[in-house]
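The values are calculated or read from the model by the stated rules, or taken from the named source; none is laboratory data. Keep in mind that what you see is a predicted model, and the values were worked out from it rather than measured. Virtual Cβ from ideal backbone geometry, glycine too; neighbours counted across all protein chains shown.
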Amino acid sequence: MKVDERRCIGCRACSAISRSISISEDAGIRSITFHSHDESLTERLIEACPAGAISSGITAESITLTFRMKRCSVCGEPFATEREIEHVASLIPETHKNWLDLCPECRRAEQRRSHAWHCIRIRGRV
Amino acid sequence: MGKIYLDPERCIGCRSCEVACEREHGHPRISVDKVKDLAAVPVYCHQCDTAPCAAVCYTGSLRLDGDMVVFDPDLCTLCGLCFVACPFGAIELDSVIHRCDLCGGTPVCVMTCPTEALQLEDIDAITGSTRSRAAGVLAARVRV
C-alpha cells in the first residue's frame, strides 16, 4: 500500500485495521507510522480510509506522518488533528460549527451550563 | 418511536440513569454532573434530526433512520470522526464506539429516572406539555 500524505487527515481508521500501522500522540502531535506491510490488507485499508489517501503499490520502507492536534479553546487539551476538524467541518451542513473548537468533555460541560442556568433562573424566581 | 427529552428542573443528580446505562451496556452513554452545586444535568445523545455524526460517517455505519440515528457496528472503521463531530460530546471511543441506541425502544435511563426528568416522547407531546406548563405558571401569576 501507499499513503498520500497530502490527503491523509490523521484519523484512526487504518490503524484500527492493521497492526503494522501504529498511532501515537505526544505534546499536541499525532504520529502515524506505516510499517512495511501485509499487502493482503490493502483492499480493506483503501475501503476504510475516509480521505482516499491509501492506494495500492509497494512501499518498502516505513514512513511516519505527523499531524498537529487541535487544542480545545476552553481547557487547552488536544482532542483531534487539525485536518480531522477541517474534514468534519466540510461535511457538516450547519453554518455555525463553533462546537468544533471545544473538546467533547467541554462540549458536555457547555451543555450542562446552559441547562443549569435555565434551572437556576427559574428556581430563583419562585 | 420518539426521543429522550430532559426536564432539567426535575433532575436531582442521583445518577440512576448513568448506573442503569452502564449496567445495560457496560459503559455509560449518559453522564450526569452538577454545575456549581446548584443544578444537575444529564448529557446524552439527542438523536439529532440533522445528525453531524451521520453526516461525517462515510461507511453508513451511523445513519439517520426515521427520527433516530442507527448504528451498525459491523460497518464501523473506528476512524473517530463521529466523536469529533458530535455537538454534545455524546460519543465516546475506545476499542469500540459508545453511543446511545435508545435500548431498542425502551431506554433504561428513562425507565429508571425517579423524578421523570428523562422522558421518551415524541416532539408534539413534549411541546404540548411544555406549553401547558408555561401557561400554568403564567396563569398562577396573573391570579396573584
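Taking region B:42-144 and the strands (runs of 3 or more DSSP E) fully enclosed by it, the elements with 3 or more residues that are under 24 Å from A:Gln111 (Cα atoms), among the aliphatic types (A, V, I, L, M) and more than 9 Å from every other protein chain (Cβ to nearest Cβ) are at B:68-71. Counting the residues of region A:98-126 that are more than 9 Å from chain B (Cβ to nearest Cβ) and outside any helix (DSSP H, G or I) gives 1.
For region A:71-92, state whether one or more residues are of a type in the set (Val, Ile, Thr) and modelled with pLDDT under 95. Checking region A:71-92: at least one residue is of a type in the set (Val, Ile, Thr) and modelled with pLDDT under 95.
Residues in region A:4-42 that are among the charged types (D, E, K, R) and in contact with a Ser or Thr (Cβ under 9 Å, 6 or more places away or on another chain): 6 in all.
Just wondering, is there one or more residues in region B:1-19 that are more than 12 Å from chain A (Cβ to nearest Cβ), surrounded by 20 or more Cβ atoms within 10 Å (Cβ to Cβ), in contact with a Lys or Arg (Cβ under 9 Å, 6 or more places away or on another chain) and in a helix (DSSP H, G or I)? Within region B:1-19 (the criterion being more than 12 Å from chain A (Cβ to nearest Cβ), surrounded by 20 or more Cβ atoms within 10 Å (Cβ to Cβ), in contact with a Lys or Arg (Cβ under 9 Å, 6 or more places away or on another chain) and in a helix (DSSP H, G or I)), the answer is no, since none of the residues qualifies.
Here is a yes/no grid of residues against (1) in contact (Cβ under 8 Å) with a residue 24 or more places away in the chain; (2) surrounded by fewer than 20 Cβ atoms within 10 Å (Cβ to Cβ):
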{"site": "B:Asp67", "(1), (2)": "yes, yes"}
{"site": "B:Cys100", "(1), (2)": "yes, no"}
{"site": "B:Val108", "(1), (2)": "yes, yes"}
{"site": "B:Ser129", "(1), (2)": "no, yes"}
{"site": "B:Ala134", "(1), (2)": "no, yes"}
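For region A:81-97, the set of residues classified as assigned to a helix (DSSP H, G or I), within 20 Å of B:Ala54 (Cβ to Cβ) and free of Cβ contacts under 8 Å to residues at least 60 places away in the same chain consists of A:Ile85, A:Val88, A:Ala89, A:Ser90, A:Leu91, listed by residue number. When you scan region B:30-37, do you find a residue that is free of Cβ contacts under 8 Å to residues at least 40 places away in the same chain, within 9 Å of chain A (Cβ to nearest Cβ) and either in contact with a Ser or Thr (Cβ under 7 Å, 6 or more places away or on another chain) or not in a strand (DSSP E or B) (or both), even just one? Yes: region B:30-37 contains one or more residues that are free of Cβ contacts under 8 Å to residues at least 40 places away in the same chain, within 9 Å of chain A (Cβ to nearest Cβ) and either in contact with a Ser or Thr (Cβ under 7 Å, 6 or more places away or on another chain) or not in a strand (DSSP E or B) (or both).
Filtered by the rule that a residue be within 12 Å of another protein chain (Cβ to nearest Cβ) and assigned to a loop (DSSP other than H, G, I, E, B), region A:9-52 gives A:Ile9, A:Gly10, A:Cys11, A:Arg12, A:Ser18, A:Cys49, A:Pro50, A:Ala51, A:Gly52.
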